[in-house]
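Beneath this line is the structure, given in structure tokens, with notes to follow.
The values are calculated or read from the model by the stated rules, or taken from the named source; none is laboratory data. Here the structure is a predicted model, which is why all the values come from computation and not from measurement. Don't worry about glycine lacking a Cβ; one is built from the backbone with ideal geometry, like all the others, and counts go over all protein chains shown.
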Amino acid sequence: MTESTIILKTLGRRIAALRKKQGMNQEEFADVSGKMINTISNIERGLSDPKVTTLLSLAEALNVSVDSLFNDNEQPPTEELPEAVQTILKLIKNQDTRTLKVIQRQIEALLELKNNI
């Protein structure tokens, strides 16, 4: 196997793992990311060399950075986070991607409102 094939297969497995962690099947992920299900399937199996714009769409749909598609950098342990943040994380931990996007927009709106007061 060539180095590029190994990278594409590793990338595909990582994307599939992140998708499953979000509780999405390939069809839901395709819908959220705006990509065709065949595209998602080929990427996850390491059969496709996705464009940067595709990686951006996939990362956004997974609520992760593009670089996290290539490596498994876990979040800091929750013990380091303030108690209020830990509580929020527990509340939203098992939510689907669409719900998380709504929550994110609401938090952003609240923070903007706070900054304008």
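Before we move on, is LYS90 basic (Lys, Arg) and either modelled with pLDDT under 90 or more than 30 Å from THR2 (Cα to Cα) (or both)? Yes: the conditions hold for LYS90. Annotation note: of ASN71, ASN42, the sole residue that is part of a helix (DSSP H, G or I), out of contact with any strand residue (DSSP E or B) (no Cβ under 9 Å at 6 or more places or on another chain) and not charged (D, E, K, R) is ASN42. Within the stretch 78-102, residues that are closer than 18 Å to PHE29 by Cα reach partners that are of a type in the set (A, V, I, L, M) with beta carbons closer than 6 Å, at six or more positions or on different chains, in the pairs THR97/VAL32. Residue-level check: of (1) part of a loop (DSSP other than H, G, I, E, B); (2) more than 28 Å from MET1 (Cα to Cα); (3) of a type outside the set (Gly, Ala, Ser), LEU100 misses just (1).
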